[in-house]
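Quick notes on the structure that follows.
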Amino acid sequence: AISFCDYLSWAASPEAEIPLALPPIQRGFVWKAWQIQTLWDSLLRGMPIGSILIKSFNKGEQTANLVIERHYQSSKVSGYHLIDGQQRTLSMLIGFPQNNTQNTSNKMWFDISEAGKNADLIQLRVSTPTQPFGYGIDGRKLSLHDRREAWNLLKNKNVSLKDIFHNCKPYKSKNKLDCYLFEIHELWDDLLDMNMELACWKEAILDKATQHKPGNSEIVQRIDLFGECLINLQKQSLALIKIPDNRPSDNGELDDPAHDYLTLLFDRISSNGTRLSPEDLLFSMIKQSWPEAHKLVYKIHERVGAVMKPTDFVMTAYRLALLREKQSITDDPRPNAKSFHKHLAGLLGTHDNPSSLRSFISEDDSEKSKLVEAFEKITKTIGYKGNEDYAIPMLMFPYLNVPLLQVLVYWALDYSGDIDEANRKSLVRFVMYWLVCNKNMASQYEASKEAIAIINENKGKNFPALEIYKALSFESVSGKPGLFTKLVSSNEFSNKLPSSDLKAFRTPFERAEHFMRKDQQLYL
């Protein structure tokens, strides 16, 4: 066992003599606001929060720091990898007073004016850079109305957009003042500075709550309760378990267990927490075999934009690399861990003799990766350029889901000519058709297989939008319905409905006015 404060001090110290670091297999911070609040409620109640699993690593192994921007590099010293407990550790560090780096990523607040909701001991609020005005009591995002109100209040203080997170507290409706909100790590720090003197600490908090009414005993009781919880928290301990370094002799059906013991272990111990998605697991397997891939994938993310999650970028690279291999391999848009592991080593190759996957992602100062070039070709081609352009607004790009983007990028990889206006409009129409006529996510993955097969038959030619449309929308010879619905012209539609029913449908202009209001433009 290790004391709660000693563990967090260790985790918050990047330059510790024996560092606690992250292995390449670890993903980013994924916990939601309600999970952070629930963990802190358990801590303040003195409840156990489970054990933390660590594993020793040697000098020279790839590691990343817990509390600063995540870049993997060779460690200069030996230390310990945090195998299970990253989400809990980062959540606890949000409120820990000795952590001066992590609190730029998330903030934890104590609302002294509110009683704890949903059986919580006190009322906690979380804010993040993406939700700087905080979340609702139930952990959901604030309504658009509340966010607009919060921004209007902040505009009066001349705060710029990029500085919102550092200059505001979670939003409280107009009749509730935000002077009752305090960051937990600051309150804890103040308590330590006052040598745990609760009376002095409580008065200091009440002085800061300028609208506090002296007769409000409930607020005083909440502050007393929170102070006592912080003092008790410092006496708590965590169970720290060291994973043995030896590997089991039998790894089941894995084709090449030599380098994948940690991935298997990590997947199994995470099954009782926030379980890895298939994409997370497969990205972890790549990072184990090729640690530099983590940095490269995030570079691609920065260059191309947030059209995909980093895990989706690497899964796209994997699928397209597999499709371009010389040997015949069945296209699988959603591979499982076993098939992924089977092909991974061959697709990666080595640094001196790279195969297709490594070649897709790798880049240097003078040359972009093939994946970046293909993505840029697509986004520049179909992106809206202003005026009366017929194209896709940039705000819509995050809605172009993975199967659709994989089809477009696969075509772009082999198309070396200039894209004329007719080809460009064909691509734009295809994107709109895909968004409007798909039936569900499963049909979109199947449709991407069909589309890529057609592109293979027309390699290097203009995008075969019409051929793909016919293959996806029309009934097959066997009578099986199309994967997507057909496009229906206005004449076909009106002929199938009586005129009385047609009155129930808005025209495109009426829909635009309803959703965008008359004084708004669809394209800015």
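The values are calculated or read from the model by the stated rules, or taken from the named source; none is laboratory data. The shown structure was predicted, so the numbers you read here are calculated from the model rather than taken from an experiment. FYI the Cβ positions are ideal-geometry reconstructions off the backbone, even for glycines, and counts take in every protein chain you see. For accessibility, only protein heavy atoms count, side chains too; no ligands or nucleic acids. Shrake-Rupley method; radii C 1.70, N 1.55, O 1.52, S 1.80 Å.
Give me a count of the residues in region 113-142 that are exposed (fewer than 11 other Cβ atoms within 10 Å of the Cβ) and either out of contact with any Lys or Arg (no Cβ under 9 Å at 6 or more places or on another chain) or over 27 Å from GLU218 (Cα atoms) (or both).
Step one: list which residues in region 113-142 are exposed (fewer than 11 other Cβ atoms within 10 Å of the Cβ), which gives 119, 130, 138.
From the residues that got through so far, the ones that are either out of contact with any Lys or Arg (no Cβ under 9 Å at 6 or more places or on another chain) or over 27 Å from GLU218 (Cα atoms) (or both) too are 119, 130.
Residues meeting the conditions: 2.
For residues in region 156-165 being outside any loop (DSSP other than H, G, I, E, B) and open to solvent by less than 100 Å² (accessible area, probe 1.4 Å), which is farthest from THR128 (Cα to Cα)? Steps first, answer last, please.
Filtering region 156-165 for residues outside any loop (DSSP other than H, G, I, E, B) gives 161-163, 165.
When the remaining residues are screened for being open to solvent by less than 100 Å² (accessible area, probe 1.4 Å), the result is 163, 165.
Numbers: ASP163: 12, PHE165: 7 Å.
Checking each candidate, the answer is ASP163.
Here is a list of conditions, (1) at negative phi; (2) of a type outside the set (Lys, Arg); (3) not in a helix (DSSP H, G or I), and THR381 meets all of them except one; can you say which number that is?
(3)
Can you tell me which residues in region 416-432 are open to solvent by 10 Å² or more (accessible area, probe 1.4 Å) and within 17 Å of ILE468 (Cα to Cα)? Can you show your working first?
Taking region 416-432 as the starting set, the residues that turn out to be open to solvent by 10 Å² or more (accessible area, probe 1.4 Å) are 416-422, 424-426, 429, 432.
Those that are open to solvent by 10 Å² or more (accessible area, probe 1.4 Å) and within 17 Å of ILE468 (Cα to Cα): ALA422, ARG424, LYS425, SER426, ARG429, MET432.
Identify all residues within region 40-66 that are out of contact with any strand residue (DSSP E or B) (no Cβ under 8 Å at 6 or more places or on another chain) and buried (at least 20 other Cβ atoms within 10 Å of the Cβ); write none if there are none.
Passing the criteria: only LEU43.
For region 25-39, how many residues meet the condition of being open to solvent by less than 30 Å² (accessible area, probe 1.4 Å) and outside any loop (DSSP other than H, G, I, E, B)?
Adding up the residues that qualify gives 4.
Among residues belonging to region 9-24 that are in contact with a helix residue (DSSP H, G or I) (Cβ under 9 Å, 6 or more places away or on another chain) and open to solvent by less than 50 Å² (accessible area, probe 1.4 Å), point out the one that is modelled with the lowest pLDDT.
Within region 9-24, the match that is modelled with the lowest pLDDT is PRO24.
For region 484-491, does any single residue satisfy the condition of being surrounded by fewer than 17 Cβ atoms within 10 Å (Cβ to Cβ), small (Gly, Ala, Ser) and over 23 Å from PRO335 (Cα atoms)? Steps first, please.
Pass one, region 484-491, residues surrounded by fewer than 17 Cβ atoms within 10 Å (Cβ to Cβ): 485-491.
Now restrict to residues that are small (Gly, Ala, Ser): 489-490.
Still in the list and also over 23 Å from PRO335 (Cα atoms): 489-490.
Within region 484-491 (the criterion being surrounded by fewer than 17 Cβ atoms within 10 Å (Cβ to Cβ), small (Gly, Ala, Ser) and over 23 Å from PRO335 (Cα atoms)), the answer is yes, since at least one residue qualifies.
Out of all the residues in region 151-163, is one or more of a type outside the set (A, V, I, L, M) and within 30 Å of ILE231 (Cα to Cα)? Show your work before the answer.
Step one: list which residues in region 151-163 are of a type outside the set (A, V, I, L, M), which gives 151-152, 155-158, 160, 162-163.
Subset that is within 30 Å of ILE231 (Cα to Cα): none.
Within region 151-163, not a single residue is of a type outside the set (A, V, I, L, M) and within 30 Å of ILE231 (Cα to Cα).
Hey, can you tell me all the residues within region 187-209 that are under 12 Å from ASP224 (Cα atoms), in a helix (DSSP H, G or I) and open to solvent by 60 Å² or more (accessible area, probe 1.4 Å)?
ALA199, CYS200, GLU203
Given region 422-524, what helices (runs of 4 or more DSSP H) lie entirely inside it while holding 2 or more residues that are within 27 Å of PRO398 (Cβ to Cβ) and at pLDDT 85 or above? Spell out the reasoning first.
Numbers: elements: 441-457, 465-473, 490-495, 499-502, 508-516.
Once the helices (runs of 4 or more DSSP H) in region 422-524 are filtered for at least 2 residues that are within 27 Å of PRO398 (Cβ to Cβ) and at pLDDT 85 or above, what remains is 441-457, 465-473.
Which condition does LEU276 not pass, out of (1) in a loop (DSSP other than H, G, I, E, B); (2) modelled with pLDDT of 70 or more; (3) open to solvent by less than 30 Å² (accessible area, probe 1.4 Å), if it passes all the others?
For LEU276, the exception is condition (2).
Within region 104-120, take every residue that is under 15 Å from LEU39 (Cα atoms) and not aliphatic (A, V, I, L, M) and give me the one that is modelled with the lowest pLDDT.
To start, the set of residues in region 104-120 that are under 15 Å from LEU39 (Cα atoms) comprises 106-110, 116-120.
Adding the requirement that they be not aliphatic (A, V, I, L, M) leaves 106-107, 109-110, 116-118, 120.
On the way: ASN106: 87, LYS107: 90, TRP109: 92, PHE110: 91, GLY116: 85, LYS117: 82, ASN118: 75, ASP120: 85.
Filtering first and then ranking leaves ASN118.
Quick one: how many residues across region 27-67 are within 17 Å of PRO14 (Cα to Cα), touching a Leu at 6+ places or on another chain (Cβ under 9 Å) and not hydrophobic (A, V, I, L, M, F, W, C)?
Number of matching residues: 2.
Listed here are the residues, each with its yes/no results for (1) under 18 Å from LEU240 (Cβ atoms); (2) out of contact with any Ser or Thr (no Cβ under 7 Å at 6 or more places or on another chain).
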position: ASN65; (1), (2): no, yes
position: LEU82; (1), (2): yes, no
position: LEU90; (1), (2): yes, yes
position: ILE94; (1), (2): no, yes
position: PRO97; (1), (2): no, yes
position: ILE112; (1), (2): no, yes
position: ASP120; (1), (2): no, yes
position: SER127; (1), (2): no, yes
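Working only within region 51-90, note down all residues that are in a loop (DSSP other than H, G, I, E, B) and charged (D, E, K, R).
Step one: list which residues in region 51-90 are in a loop (DSSP other than H, G, I, E, B), which gives 51, 58-61, 66-72, 75-78, 85.
Hits for region 51-90 are LYS59, GLU61, GLU69, ARG70, LYS76.
Which of the residues belonging to region 107-126 are assigned to a strand (DSSP E or B) and among the acidic types (Asp, Glu)? Full working, then the answer.
Here is the first cut: in region 107-126, the residues assigned to a strand (DSSP E or B) are 107-115, 122-126.
The answer is ASP111, GLU114.
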